[in-house]
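Below: one structure, written as structure tokens.
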Amino acid sequence: MIMKIELDTNKNGAWFWKLVGDNGEIMAVSESYSSKGNCNKTVKSVAKDLGFVLNKKSQVWELPDDTVG
């Protein structure tokens, strides 16, 4: 795995997603969403467009190694 998309909440309880590199570095952070459902909707759209796949076990969107390069 080269990158993954994780969902998280901020200190105000709003949901956001972040693009995390293999080394743990946060590469991008989304805007805040009032619900997890709205955040998930955007993540699904972005992830699929960029070639990410959902790891069903961890429930994290991952970019497989074979899609880079």
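The values are calculated or read from the model by the stated rules, or taken from the named source; none is laboratory data. Fair warning: this is a prediction, and the values are worked out from it, not measured in the lab. Here Cβ is always computed from backbone atoms with ideal geometry, including for glycine, and neighbour counts include all displayed protein chains. The area values use the complete protein model at the heavy-atom level, side chains included, leaving out ligands, DNA and RNA. Shrake-Rupley method; radii C 1.70, N 1.55, O 1.52, S 1.80 Å.
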Inset, instruction - May I ask you to say which residue of LYS56, LYS4, LYS11 is charged (D, E, K, R) and at pLDDT 95 or above? - result: LYS11
Legend entry - Filtered residues of region 29-59 (kept if under 14 Å from LYS4 (Cα atoms), open to solvent by less than 40 Å² (accessible area, probe 1.4 Å) and among the hydrophobic types (A, V, I, L, M, F, W, C)): VAL43, ALA47, PHE52
Legend entry - Residue in region 8-28 that is nearest to TRP61 (Cα to Cα), counting only those that are touching a helix residue (DSSP H, G or I) at 6+ places or on another chain (Cβ under 7 Å) and open to solvent by less than 50 Å² (accessible area, probe 1.4 Å): TRP17
